[in-house]
1. What average count of beta carbons from other chains do you get within 10 Å of the Cβ of residues in A:138-146?
2. Return the percentage of antiparallel bridges among DSSP beta bridges fully within the protein assembly as shown, rounded to the nearest 5 %.
3. Any chance you could check the Cα centroid distance between region A:209-234 and region B:89-131 for me, in angstrom?
4. Take every Cα pair under 8 Å in chain B that's 6+ residues apart, average their separations, divide by the length, and report that relative contact order as a whole percent.
5. Under a Cβ-Cβ cut-off of 12 Å, what is the net charge of the residues other than B:G101 that fall near it, where Lys and Arg count +1 and Asp and Glu count -1?
6. Tell me which residues come under 5 Å, amide H to amide H, from B:L98 once H is placed; ignore anything under 5 positions away on its chain.
7. Positive end of the charge dipole of region A:3-213 (Lys, Arg +1 and Asp, Glu -1 on Cβ, about the Cα centre): tell me which of A:L34, A:A52, A:W183 has its Cα farthest that way.
8. Tell me, what is the percent relative contact order of region B:90-245, built from C-alpha pairs under 8 Å that lie six or more residues apart?
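None of the figures in this text is laboratory data; all of them are computed from the coordinates on show. Computed from a prediction, not measured in an experiment: that's the story for all the values here. Cβ atoms come from the backbone with ideal geometry, glycine included; neighbour counts cover every protein chain shown.
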There are 2 protein chains.
Amino acid sequence: MREIEVASFVPAKLLPQMADAADVVRHAITLPGLTVMALVPNRKGAQAALEAGVHKLTMPVSASVAHSPMCARRRPEMVEEVRAISELRRAIARQVKLEAGISTAFGCTLQGLVPEDDVIRLAAQCIEAGVDESGLSDTVGYANPAQVRRLFKRLRAELGVHAGAAHMHNTRGLGIANCLAAWDEGVRTFDASLGGCGGCGGCPYVPGASGNAVTEDLVFMFEAMGVRTGIDIQKLIAARAPLMAGLPGEPVYGMTPEAGLPKGFVQETIARV
Amino acid sequence: MREIEVASFVPAKLLPQMADAADVVRHAITLPGLTVMALVPNRKGAQAALEAGVHKLTMPVSASVAHSPMCARRRPEMVEEVRAISELRRAIARQVKLEAGISTAFGCTLQGLVPEDDVIRLAAQCIEAGVDESGLSDTVGYANPAQVRRLFKRLRAELGVHAGAAHMHNTRGLGIANCLAAWDEGVRTFDASLGGCGGCGGCPYVPGASGNAVTEDLVFMFEAMGVRTGIDIQKLIAARAPLMAGLPGEPVYGMTPEAGLPKGFVQETIARV
């Protein structure tokens, strides 16, 4: 796995389980060949993440006007926060990458429909404010493949090389199909989680934000299609054991690990990172 | 739902739970507007299904040379069985439609890889033997979207209007993505099951043949994409209750029913069948 979002630098009083984010980052950066990313909701979180030594920051910016308490600021204020983080990054850690994740890009549990023009405009404003790339997130699992194709096509037309990742959830069973739709439009970076665990950076304020796309099934899809991911599926499946041991009682998803790989399925030589 | 595969006319000594297939068909044909389909593995089953009054027969024909005990005959013999069923149909029930479902079209749990040329040739031989359409089935959940596109493209190029349905399983999490891939190639008939129940016509001889694509998630995908299915999702979800009551302890899949429909999601006027 070349890049992992290892922690969220969110207020410990809201999310105490993320209180040791800096410790996690400090360990993660000792792993060779890994780009260590952290989610930051604001400038304060960005400062802490940069001090811990992350390689990449991702900031959720909601396209909806009505969102969670943690992301409640209005869009112009969010863009100014993005600009402040970008300037902070430039001042103290120029080599660190900065991504904006346009959340509720495909709909919002509070607002319902989110206009596509708003999504694309916000993504462009984030680039203008200094981020390296803007991706599109469906943290609530509202997206469908036609919409994914339409929005990523527009995003790539508008932002070119600054168009970022697809962050799809499987809340309504379309997570992998939506990744395929994004792939068809040229997206080459996908957010997913082992066992489909977690959601929205651990944010408990987005109802129904569970069900990240399952890494195991996504990697199986790409490898079966002949797309080399650099990930050894057998080792990926083995990595579920410590996850389940560490989070007893947490639901763990994924069909490929249950079914096993097809007979005769051979991964090409695993690329070394 | 315009068409339902309601039963399998398989030997009762192998599958006693299908012993009342004729009763099920006789009730199903009283429902207005429904095309009642049954799976038949051979001429004897076809005779019983036709006598019960089905509107459509589907016969699984395995592209693999090594398959289950029930489907163990070699391909030339299978094609001759298809021809016999077609002639029987012509003799006693000309209006009944006949479909061949090319099973193990995307791989086989015993043989592994199945050559694509074999699949397409067998599909064409079934048309030549008298069936109305040949579809492609992935009862073991080996298919990936690139393969689905490649095979359905060839099938449609070879068979034209005789190219049939996509029968996808979610065994490795790709069921819905594979349906999307088939849709992209022009397929407009999809096999799926309520709650993802069942597999391979109830056949217990195909290891890992569980996990039909989930109708609820598939209908949600199409309706969200703006494709009108004629199916009322709310009523479809409500239909899970009698299924679960009737099959206690049976695993029932589907993410959309758990999550509910997105806020603001409105189906266009439901087409009347």
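1. Whole-number average of other-chain Cβ neighbours for A:138-146 is 5.
2. Numbers: 4 of 56 bridges.
Bridges in the protein assembly as shown that DSSP calls antiparallel: roughly 5 percent.
3. Distance between centres, Cα-based: 31 Å.
4. Working: 504 pairs, mean separation 35.2, N = 273.
Computed over chain B, the figure is 13 percent.
5. Working: positive: B:K56; negative: B:E5, B:E99, B:E133, B:D138, B:D191.
Net local charge, B:G101 excluded: -4.
6. The answer is B:L57, B:D132, B:E133.
7. Positive-end residue among those listed: A:A52.
8. 19 percent.
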